[in-house]
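> Before I ask anything, here is the structure I am working with.
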Amino acid sequence: MDLLGSILGSMQKPPTVDEAEKKKAREQKKLIEKKQSEEKKHLDVFRTKTQKVIHEFIKDEKQEKYKFKPLDKVYRAIVHEVADVAGLTSFSFGQEEEDRYVMLWKKEFAPSDEEVLAYRRGEVWDPEKAKQLAKEKELQKLEDTLSSKTKVVPASNYRDKYKHLIGEEAAKDAAQDLTANKSYGFVSSQNKRDTRTIEQVLADTRAKKKQKTDHPGTSTEESSSSQSEISNLTGEDNSTTQSQNSTNSS
């Protein structure tokens, strides 16, 4: 019995449940750290390759842009980071977790807004077609600007103003020449004009004076009439003069 007891006492006791879990946790941690280390090495390798690709792209004067194959988000982030350090323009296009990729441009060939929108729509960018569309857009903009500056010229006279209502010929017949009158503004003076000369007026006045012996009662009227006729010819209007004197006195 003593021999058996000594043997059993020298043997290690079976591990408890807590110790087993701790051991398993330690093993899992080591496995995770190993995977992380491997992933880091893999990303470092990818970064190095990306740097070489971008360096070759920059050296190639014939290339304006470069398209990477579809990549996961973490790899796209590395591409954007390396491109930014190299002074390049970069965009991601495509559907996430399907075919999303990164495209690079040299600074002097940076894409326009239309080009970026085309790639985002999944379209193929055609520079020649884009130039044609831009030209058409510019022409349309110019036409809109010219049309907005067009002014409507109003009718400048009576005939133009009312010919759409009464007709061209009727408007011509209705439009009469007007002569300015100092007292009453614009009045029709077609029937009020005296086309005689001053000599003719004086001759007519002398002829009337010869008749005053036969008609003595008309001398005052004739004198007033001749004076009015001469005033009309010389531009002196008696009624205007009186109106002006009355205004000045008031």
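The values are calculated or read from the model by the stated rules, or taken from the named source; none is laboratory data. Predicted model, so just to flag it, every value in this text is computed and none were measured. Counting neighbours? That spans all protein chains shown, and the Cβs are built from the backbone with ideal geometry, glycine included.
> Every residue in segment 202-219 that is modelled with pLDDT of 75 or more and of a type in the set (Gly, Ala, Ser), please.
Of everything in segment 202-219, those that are modelled with pLDDT of 75 or more and of a type in the set (Gly, Ala, Ser) turn out to be Ala203, Ala207.
To keep it simple, each residue is scored yes or no on (1) outside any helix (DSSP H, G or I); (2) not assigned by TED's automatic domain parsing to the domain that holds Ile54.
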site: Leu104; (1), (2): yes, no
site: Val116; (1), (2): no, no
site: Tyr119; (1), (2): no, no
site: Lys135; (1), (2): no, yes
site: Leu142; (1), (2): no, yes
site: Ser148; (1), (2): no, yes
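> If the requirement is being hydrophobic (A, V, I, L, M, F, W, C), at pLDDT below 90, surrounded by fewer than 16 Cβ atoms within 10 Å (Cβ to Cβ) and more than 24 Å from Leu43 (Cβ to Cβ), which of these qualifies: Ala134, Ala110?
Ala134
> Taking segment 83-100 as the region of interest, how many residues are farther than 16 Å from Glu56 by Cα, in a loop (DSSP other than H, G, I, E, B) and of a type in the set (Gly, Ala, Ser)?
1
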